[in-house]
Amino acid sequence: MTWKLFVSRLQEIAAIISLSAHFLLILLVLTKSPKKIGSYKYLMIYISIFEILYSINDVLIEPICFSYGSKSIFVVVVNTENAYFNKDICLILISTWGAFFGSFMGLFVLQFFYRYCVASGSSLIKKSFQSWRIVLWMSGPVFCGILWGLLTYFLLPPDEQIDEAIRDVLLVKFNWTIEQITYVGPYFHRNSENIHIPNAIGFLIMVMIMIASLLLITIFAIKCYQKMDDFTSLTSNRTKSLQFQLFYALVTQTLIPLILMHLPVLIFFIFTFSNIGLGNASSIVSMTVALFPALDPFPVMFIIKNYRNAIFDTLTKIFKRKP
């Protein structure tokens with residue numbers, strides 16, 4: 001089995017697991033959520049829908065990430081001959097794939113902000129999150145995604161210089177010709193020492209979004225944890241237990257995209273900008289970003305007691321049935 005075929009099969013398996021796990025999580029949220037969970041269940045469903053759509057997009061185009069460090073290139077490539085759509089549509093779908101990535105930056109910030117509001121007893125919970133205004137909060141990640149997608153499509157598109165730069169290496173590494181593929185990505189240092197301005201602008205804005213997301217997540221996580229003791233001292237043991245379950249589930253759920261999405265992409269961006277190539281190793285990003293939505297729902301399903309008990313009770317009934 002070739003490397004690219006292995007990556008492709010992993011993306012397909014990850015998509016199947018992702019869709020199955022997220023549909024199960026949505027069912028659990030709708031039918032087994034504790035009453036005290038409040039409007040947070042809508043955020044969980046919202047994120048699951050995002051990750052389902054992302055998995056579908058990923059398996060439709062099966063993107064391959066490739067870094068060519070000697071020429072400061074990092075591209076996300078799609079073989080349009082094996083895809084379901086033509087080049088133009090595939091280019092839009094790659095940009096949409098990037099847009100989902102940008103949305104996740106905002107989604108996890110929103111989750112931690114919500115948990116902080118709960119722990120601090122903020123009036124925003126009743127005024128915003130328990131009313132129609134929750135839609136306004138949910139629109140934030142959508143805006144991040146649209147911005148990321150537009151940056152990808154307009155500032156990091158295919159062009160003749162990148163075509164010529166990657167033509168030979170694509171043929172050697174993947175046995176693909178330029179005519180068979182489309183791609184997005186930066187090519188920083190071209191025929192001169194000057195940095196390619198459109199690529200650099202797109203790159204810098206994306207890095208700023210990633211860094212801002214990580215900083216806000218860290219700030220709200222720390223503040224939330226600090227407020228938890230004060231909040232739980234005024235509530236019942238059951239409510240206290242639920243709030244800690246939700247917090248730990250969120251932390252675990254956030255570590256997954258941090259390890260599988262944020263850090264790999266940020267590292268490869270920095271390596272590319274520094275003219276350090278990683279060759280086939282850069283395809284690891286293709287695998288990790290596909291695995292993220294497949295693994296992400298499991299912390300919630302097994303840390304939240306109501307969901308965990310529902311799963312174990314169902315499995316117990318199934319295995320105890322007599323043939």
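Within the range 67-78, residues that are closer than 13 Å to residue 169 by Cα reach partners that are at pLDDT 85 or above and of a type in the set (S, T, N, Q) with beta carbons closer than 9 Å, at six or more positions or on different chains, in the pairs 77/182.
Scanning the range 33-49 for residues that are in a helix (DSSP H, G or I), in contact with a Phe, Trp or Tyr (Cβ under 9 Å, 6 or more places away or on another chain) and at pLDDT below 95 yields 40, 42, 43, 47. Regarding the range 11-32, can at least one residue be identified that is farther than 28 Å from residue 310 by Cβ and surrounded by fewer than 20 Cβ atoms within 10 Å (Cβ to Cβ)? Scanning the range 11-32, I find at least one residue that is farther than 28 Å from residue 310 by Cβ and surrounded by fewer than 20 Cβ atoms within 10 Å (Cβ to Cβ), so the answer is yes.
When 107, 150 are checked against the criterion of being under 26 Å from the mean Cα position of the chain (by Cα), closer than 20 Å to residue 203 by Cβ and in a helix (DSSP H, G or I), 150 stands alone in meeting it. For the range 126-147, filtering for residues that are under 28 Å from residue 202 (Cα atoms) and hydroxyl-bearing (Ser, Thr, Tyr) leaves 1. Identify, please: which residue in the range 83-141 is out of contact with any strand residue (DSSP E or B) (no Cβ under 7 Å at 6 or more places or on another chain) and β-branched (Val, Ile, Thr) and is, among those, surrounded by the fewest Cβ atoms within 10 Å (Cβ to Cβ)? Looking at residues that are out of contact with any strand residue (DSSP E or B) (no Cβ under 7 Å at 6 or more places or on another chain) and β-branched (Val, Ile, Thr), I get 135.
Considering only residues in the range 209-224 that are surrounded by fewer than 19 Cβ atoms within 10 Å (Cβ to Cβ) and of a type in the set (Val, Ile, Thr), the one that is nearest to residue 247 (Cα to Cα) turns out to be 222. Whenever a residue of the range 163-185 is farther than 11 Å from residue 77 by Cβ, its partners that are of a type in the set (A, V, I, L, M) and surrounded by 21 or more Cβ atoms within 10 Å (Cβ to Cβ), lying with C-beta atoms within less than 7 angstrom and at least six residues away or across chains, give the pairs 165/73.
The values are calculated or read from the model by the stated rules, or taken from the named source; none is laboratory data. As the structure is a prediction and not an experimental result, all values here were calculated from the model. Glycine also receives a Cβ, built like all others from the backbone with ideal geometry; neighbour counts cover every protein chain displayed.
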